[in-house]
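J.: Here it is, the structure, as structure tokens.
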Amino acid sequence: MAKKHMISEERQRELTKVAKGMKPFLPQNVTCHKEFQSNGKPFYLFKHADLGTLGRMFIMPNGNESQFMFDVMGEEDDPFIEQKKAIFLPMSQDICEQMEKGLGKGKGTVKPIALPSQLHTIKAEHITCKTCDALVAVIVYAEEATTAAELADHATIFYKKAKELNVPTWVLGKEMVSDMVSMTYFSIFNTLKIWPEREEARLLSEMEIDDLLCPLVEYHCDEEED
């Protein structure tokens, strides 16, 4: 049976100590925090204040050494993937250089490693034409999202599906209650349109959202005939 390589406790303490020193080398508006995979193994998640999750860093055993693996978050044709790479790739290089200074340069051969996939559960509503029942829009619910970055994360996760469905798609953040107007309280949402074109996040009331959806539902078949 092949011997299973693990990172020793002493080595793990060294890695943790050096990893804690990464903060001064992070770009502006980028944060890093430690999370755990389903198998209990740690990784580091990097987030940007506007773009959301940039990517992940894994520290993998490689013989008696450690191998650092970086994974950019998003599809290759995502409209923001190049912006993420422009921040994440130079940052990952800086981190590797700092790790080498603190731990020494490795002598082993870098081996290909399959990184764990990211599993997400996304709640989405399909809006259909009142006449022919064709799909005319999709609403993605990011019910706990309160920032543009959190909306962007949901947009990244759902991007491939939005492209496949090819109908207007919005991400709706956490529901908020506005001030009373005409003796009535109404809900507002931090909203991000992600397809067919990505727009800036903005606050929309429930009435404004209805104004966007109603023409798609009511006049879909009329447009088809034209």
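J.: Across the range 180-206, which residue is farthest from the chain's Cα centre (by Cα) among those that are at pLDDT below 90 and aliphatic (A, V, I, L, M)?
T.: It comes out as 183.
J.: Check the range 80-88 and report whether any residue there is outside any helix (DSSP H, G or I) and touching an Asp or Glu at 6+ places or on another chain (Cβ under 6 Å).
T.: Of the range 80-88, the ones outside any helix (DSSP H, G or I) are 80.
In the following step, the residues that additionally are touching an Asp or Glu at 6+ places or on another chain (Cβ under 6 Å) were identified as none.
No: zero hits.
J.: Here's a follow-up. Considering only the range 138-159, state which residues are open to solvent by 50 Å² or more (accessible area, probe 1.4 Å), under 14 Å from residue 191 (Cβ atoms) and out of contact with any helix residue (DSSP H, G or I) (no Cβ under 9 Å at 6 or more places or on another chain).
T.: First pass over the range 138-159, keeping only residues open to solvent by 50 Å² or more (accessible area, probe 1.4 Å): 141, 143-144, 146-147, 150, 157.
Next, from what is left, pick out any that are under 14 Å from residue 191 (Cβ atoms): 141, 143, 146-147, 150.
Within the range 138-159, 143, 146, 147, 150 meet the criteria.
J.: Please go through the range 76-96 and give me each residue that is among the acidic types (Asp, Glu) and without any contact (Cβ under 8 Å) to a residue 60 or more places away in the chain, ordered by number.
T.: 76, 82
J.: If you take the residues in the range 126-137 that are free of Cβ contacts under 8 Å to residues at least 40 places away in the same chain and surrounded by 11 or more Cβ atoms within 10 Å (Cβ to Cβ), which one is farthest from the chain's Cα centre (by Cα)? So that I can check it myself, show each step before the final result.
T.: The initial filter retains those residues of the range 126-137 that are free of Cβ contacts under 8 Å to residues at least 40 places away in the same chain, namely 126, 133, 135.
From what's left, surrounded by 11 or more Cβ atoms within 10 Å (Cβ to Cβ): 126, 135.
Working: 126: 22, 135: 25 Å.
Top of the filtered list is 135.
J.: Out of all the residues in the range 62-82, which are within 13 Å of the chain's Cα centre (by Cα) and either farther than 18 Å from residue 160 by Cα or among the acidic types (Asp, Glu) (or both)?
T.: If the condition is that a residue be within 13 Å of the chain's Cα centre (by Cα) and either farther than 18 Å from residue 160 by Cα or among the acidic types (Asp, Glu) (or both), then 71, 75, 78 are the ones that fit.
J.: Go through (1) more than 15 Å from residue 139 (Cα to Cα); (2) at pLDDT 90 or above one by one and return the number of the condition residue 177 breaks.
T.: Against the list (1) more than 15 Å from residue 139 (Cα to Cα); (2) at pLDDT 90 or above, residue 177 comes up short only on (2).
J.: Taking residue 162, is it modelled with pLDDT of 95 or more, not aromatic (Phe, Trp, Tyr) and not in a strand (DSSP E or B)?
T.: On the way: modelled with pLDDT of 95 or more: yes; not aromatic (Phe, Trp, Tyr): yes; not in a strand (DSSP E or B): yes.
So residue 162 fits the description; yes.
J.: Considering only the range 32-69, state which residues are closer than 26 Å to residue 194 by Cα and either part of a loop (DSSP other than H, G, I, E, B) or in contact with a Lys or Arg (Cβ under 9 Å, 6 or more places away or on another chain) (or both). Even if it seems obvious, please write down each step before you answer.
T.: Here is the first cut: in the range 32-69, the residues closer than 26 Å to residue 194 by Cα are 32, 45-56.
The answer is 32, 45, 46, 48, 49, 50, 51, 52, 53, 54, 55.
J.: Select from the range 62-96 the residues that are touching a helix residue (DSSP H, G or I) at 6+ places or on another chain (Cβ under 8 Å) and over 17 Å from residue 44 (Cβ atoms) and write down the one among them that is surrounded by the most Cβ atoms within 10 Å (Cβ to Cβ). Steps first, answer last, please.
T.: Initially, the range 62-96 is screened for residues touching a helix residue (DSSP H, G or I) at 6+ places or on another chain (Cβ under 8 Å), giving 66, 68, 70, 72-75, 77-78, 80, 91, 94-95.
Imposing the further condition that a residue be over 17 Å from residue 44 (Cβ atoms) reduces the set to 74-75, 77-78, 80.
Values: 74: 26, 75: 12, 77: 9, 78: 19, 80: 18.
Among them, the one singled out is 74.
The values are calculated or read from the model by the stated rules, or taken from the named source; none is laboratory data. Since this is a predicted model, take the numbers as computed values, not measurements. Heads up, the Cβs are rebuilt from the backbone with ideal geometry, glycines too, and the neighbour counts pull from every protein chain shown. Remember, those area values only see protein heavy atoms, side chains included, never the ligands or the DNA or RNA. Shrake-Rupley method; radii C 1.70, N 1.55, O 1.52, S 1.80 Å.
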